[in-house]
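The values are calculated or read from the model by the stated rules, or taken from the named source; none is laboratory data. Please read these numbers as outputs of a predicted model, since none were measured by experiment. Because the Cβ atoms are built from the backbone with ideal geometry, glycine has one as well, and the counts that use them run over all protein chains shown. Just so you know, the surface numbers come from the protein's heavy atoms only, side chains and all, with ligands and any DNA or RNA stripped out. Shrake-Rupley method; radii C 1.70, N 1.55, O 1.52, S 1.80 Å.
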Amino acid sequence: MLRIHVTGEDLARIRLADRPDPMWETVLSSLRFRDRRGPGAYGRWRELARQRLRALPPTLRALVPVGGYFPDFLTPVAAGGGWEERVELLRSTPRRRLRADMLTLEAESPQALPGWVRGLADGEREALDKVADDLDRYHRAAIAPPALWAAVQAQVDADRAVRIRHLTSGGVEGLLRGLRPVLRWEAPVLAADYPVPRELRLDGRGLLLIPSFFCWRHPVTFYDDGPRPVLVYPIQHTAPPGPAAAALGRLIGGTRARVLRCVGHGATTGELARRAGISAASASEHAGVLREAGLLVSVRRGNEVLHSLTPLGTELLPAQPTAQW
């Protein structure tokens, strides 16, 4: 059981990540690459990833054991930035962090660790560069191809839309209550099933909630929570569209039908573009047509336009959006 103790100050500092975290998704996907969990959610992805990679790099196999602890340094905390910036942060991991993480891995690992792990614990740059290179190669083959990453983004965006609706209707506590059944908010404690007993006291540091495509069943947090506590939680994967979705495409056009499905519980023009895999200009044009037809409502908020379904749009929509690999 994981129990996160939340103070009033923490409630004011709880944040929701605005996009999937590429490091967390990469590391967690290496678990899904090996296990058989979530065949409906990950089955097709596994097929494609294994076509590109015959096997997981040995470094990841050793550092990220199935069902066990993996080192905090593999998922560095970063304020924004893309994949390349995260890899550079990993390469610059301080020696004291490497030693602490490797000692924990040695104590927690169910199997004997290869000899190069000792070099990593000693801060050898060559060993750290090898880990970073292997992680980068795996990411580019299994996660980064545009269709794959777009599908991950679409699912995470759909989850964020639900969370934002809970936040706007019920405040931060509404957001936390809406995380059931994975997380259970019983003020002042946020609890979840967890492989080991864990008490996390935020003590005014707040909490960053990161929705994750490749996280499965229970949330994940750092072993050493540090100054910026993070909780990665599994999204609810949406079901594939049924035969009615094809009929909707024939009625209003395939791309426009996809845009309508991707609105979900609300989306900005940029989010619509990412979810539907089209340009922002095209998303804006299709949203305009759908709005004129009475299927969408668009509201400007600052520099963004938020689109939501009208009752007619909801009735017309035959299925929830889903990842298309």
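With +1 assigned to the C-beta of every Lys and Arg and -1 to the C-beta of every Asp and Glu, and no other charges, what is the dipole magnitude of the chain about the Cα centre in debye, to the nearest 20?
740
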Q: Quick one: which residues, 5 or more positions from Leu16 or on another chain, have an amide H under 5 Å from its amide H? H modelled 1.01 Å from N in the peptide plane, none for Pro or chain starts.
A: Leu209
**Q.** Interchain or long-range residues, amide H under 5 Å from Thr310's placed H
**A.** Leu296, Val297
Q.
List the residues, sorted by chain then number, that are 5 or more residues from Leu200 or on another chain and whose placed amide H is less than 5 Å from its amide H.
A. Arg3, Ile4, His5
Q) Arg275: net charge of surrounding residues, Cβ under 13 Å, Lys/Arg +1, Asp/Glu -1, itself excluded? A) +2
Q | Sequence ranges 169-181, 16-28, ranked by mean other-Cβ count within 10 angstrom, highest first | A | 16-28, 169-181
Q. Short version: what are the Cα gyration tensor semi-axes of the chain, square root of 5 times each eigenvalue, largest first, in whole Å?
A. 36, 24, 17
**Q.** Rel. contact order, % - alpha carbon contacts under 8 angstrom, at least six apart, the chain
**A.** 24
Q. At a 1.4 Å probe radius, carbon and sulfur cover how many percent of the accessible area of the chain?
A. 52
Q: Could you state how much accessible area Thr104 has, in square angstrom rounded to the nearest 10, with a 1.4 Å probe and all protein chains kept in place?
A: 30
Q: Taking the Cα centre of the stretch 142-216 as origin, sum charge times position over the Cβ atoms of Lys and Arg (+1) and Asp and Glu (-1), and report the length of that vector in debye to the nearest 20.
A: 80
Q: Let me have the 222 nm mean residue ellipticity of the chain computed from DSSP H runs of 4+ only, each contributing -39500 (n - 2.57), with the sum over all residues rounded to the nearest 500.
A: -15500 deg cm²/dmol
Q) If one computes the Cα centroid of the stretch 169-224 and of the stretch 43-84, what distance in Å separates the two points? A) 22
Q: Go through Thr168, Thr93, Pro110 and say which Cα lies farthest out towards the positive end of the charge dipole of the stretch 76-173; charges sit on Cβ, +1 for Lys and Arg, -1 for Asp and Glu.
A: Thr168
Q) What accessible surface, in Å², does a 1.4 Å probe find on Trp216, ignoring ligands, DNA and RNA and rounding to the nearest 10? A) 60
Q: Just report the Cα centroid separation between the stretch 104-129 and the stretch 14-29, whole Å.
A: 25
(Q) Quick check: the angle from helix 22-34's long axis to the longest principal axis of the chain, C-alpha only, nearest 10 degrees? (A) 80
Q) Dipole of the chain (Lys/Arg Cβ +1, Asp/Glu Cβ -1, origin at the Cα centre): which of Pro188, Thr26, Ala281 lies farthest to the positive side? A) Ala281
Q: Provide the per residue accessible area, probe 1.4 Å, for the stretch 92-237, rounded to a whole number of square angstrom.
A: 47
